[in-house]
Amino acid sequence: MTDPNAEPAETRRPTGAVAGPDGKLRCPWGLSAPEYVAYHDDEWGRPVRGDQAIFERLCLEAFQSGLSWLTILRKRENFRKAFAGFDIPAVAAFTDTDAARLLADAGIVRNRAKINAAITNARAALELTDGVSDLVWSYAETGPRPAPRTLADIPPQTDGSKALAKELRKRGFVFTGPVTVYATMQACGLVNDHLEGCFARTA
């Protein structure tokens, strides 16, 4: 998958930066649906820090696995309500009753394995001495690399995401494979995968 947000049909669309209605060049997926414009312009690739914020992104990227990110984006507020705002201690305290409630909640993705993973990962996050944000950010890219010119230049995973995924598994996290982890790294600004020419790359 060249982009964590891409839908299958998008592979037939332009793969380099594209001018939007306002004349600004954007990554092509950022113009593929109205909801993507604000997400692309204001969120994706911008630094996200804080245990709760990083935990939310890890959870949502896990829920996205096998689905379009647009599905998750449209349900994000429902997820936040269902998962106590992704407050880590609150989710870690979820019981079987909470899991059953979540499985019955049509406002989110009702997948038992992914719901259980969110609870498991909250409990794992509580065990981290320095917090999940510091752990994830310790794997951020430190050196410059060329801007990707097209979506084909963006890898689905990297050595860094493989290493972070391995560390997360070691710490008890689940549903955090290297592809899911790399999507989180992209979304949270640990890497900059906005395309060459995209205004958000330097905004």
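The values are calculated or read from the model by the stated rules, or taken from the named source; none is laboratory data. The structure displayed is predicted, hence computed values, not measured ones. Backbone-built Cβ (ideal geometry, glycine too); neighbour counts: all protein chains shown. Accessible surface areas use protein heavy atoms only, side chains included; no ligands, DNA or RNA. Shrake-Rupley method; radii C 1.70, N 1.55, O 1.52, S 1.80 Å.
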Original post:
In square nanometres, what is one fourth of the surface area of the convex hull spanned by the alpha carbons of region 73-129?
Top reply: 3.8 nm²
**OP:** Pop out the carbon and sulfur fraction of the accessible area of region 18-97 as a percent, whole number, probe 1.4 Å.
**Re:** 53 percent
Original post:
Quick one: Kirkwood hydrodynamic radius for the chain, alpha-carbon pairs, angstrom, one decimal?
Top reply: 17.3 Å
Original post:
Using a Förster distance of 35 Å, how high is the FRET efficiency between ASN78 and THR142, based on the Cβ-Cβ distance and rounded to 0.05?
Top reply: 0.45
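Roughly speaking, to the nearest percent, how much of region 108-203's 1.4 Å accessible area is carbon and sulfur?
Taking all protein chains in place, region 108-203 shows 48 percent carbon and sulfur surface.
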Original post:
Using a Förster distance of 25 Å, how high is the FRET efficiency between LEU126 and ARG46, based on the Cβ-Cβ distance and rounded to 0.05?
Top reply: 0.40
Original post:
Using the heavy atoms of the protein chains alone and a 1.4 angstrom probe, what is the accessible area of region 102-203 per residue in square angstrom?
Top reply: 47 Å²
Subject >> Residue-averaged [θ]222 nm for the chain, counting only DSSP H segments that reach four residues, each worth -39500 (n - 2.57) >> reply: -14000 deg cm²/dmol
**OP:** With only Lys, Arg, Asp and Glu charged, each at its Cβ (+1 for the first two, -1 for the last two), find how big the charge dipole of region 67-203 is about the Cα centre; round to the nearest 20 debye.
**Re:** 420 debye
Subject >> region 91-190: radius of gyration and largest Cα-Cα distance (Dmax), Å >> reply: 15.8, 49
